[in-house]
Amino acid sequence: MPLVTANKGATSTEVFDQVLARLPQIVAEELSCPEGVLTPKDIEVQVRFENSRDIHNHRLGIIIEANDYPNRRVNLDERRRKIVERVGVLAGDEQGYVWVRLSPGSYGEF
């Protein structure tokens with residue numbers, strides 16, 4: 001289950017909400033692979049708001065943490081580019097970034 005942190009800087013609430021509404025679908029589609037087939041319900045999104053102590057922040061930041069699978073890693077830059085492109089369409093003129101981090105992990109529910 002990928003964990004997405006959406007960092008809201010000075011971007012408008014309207015743009016931020018549009019991005020949030022589509023993030024689970026975008027991440028599921030772009031990070032699915034044979035070892036980890038994803039649906040939007042598999043994507044956990046946490047929201048973080050700009051703090052006056054933040055330094056060098058963008059108007060909108062998306063950090064995605066997901067399990068490191070060989071088929072996901074082999075074309076990670078292309079997957080990230082597609083997420084950037086799709087989020088960028090929603091964000092319009094807002095400046096932002098997408099950072100995809102892969103690492104070993106284990107997830108369970110109770």
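Quick notes
- Among residues of the stretch 26-45, those that are under 10 Å from the mean Cα position of the chain (by Cα) and either over 14 Å from R79 (Cα atoms) or surrounded by fewer than 14 Cβ atoms within 10 Å (Cβ to Cβ) (or both), counted: 3
- The one condition in (1) in contact with a strand residue (DSSP E or B) (Cβ under 6 Å, 6 or more places away or on another chain); (2) modelled with pLDDT under 95; (3) not polar (S, T, N, Q) that D68 fails to fulfil: (2)
- Contact annotation: residue pairs with Cβ atoms under 7 Å, 6 or more positions apart or on different chains, pairing a residue in the stretch 1-28 that is closer than 14 Å to V89 by Cα with a partner that is exposed (fewer than 15 other Cβ atoms within 10 Å of the Cβ), are V15/G92.
- Residue within the stretch 77-95 that is over 11 Å from the mean Cα position of the chain (by Cα), more than 19 Å from T5 (Cβ to Cβ) and at pLDDT below 95 present: yes
- Selection count where residues are without any contact (Cβ under 8 Å) to a residue 60 or more places away in the chain and buried (at least 16 other Cβ atoms within 10 Å of the Cβ), scope the stretch 89-110: 2
- Unmet requirement for N7, which otherwise passes all of (1) touching a Phe, Trp or Tyr at 6+ places or on another chain (Cβ under 9 Å); (2) at pLDDT 95 or above; (3) crowded, with 17+ Cβ neighbours inside 10 Å: (2)
The values are calculated or read from the model by the stated rules, or taken from the named source; none is laboratory data. What you see is a predicted model; the values in this text were computed from it and never measured. Note: ideal-geometry Cβ built from the backbone for every residue, glycine included; neighbour counts use all protein chains shown.
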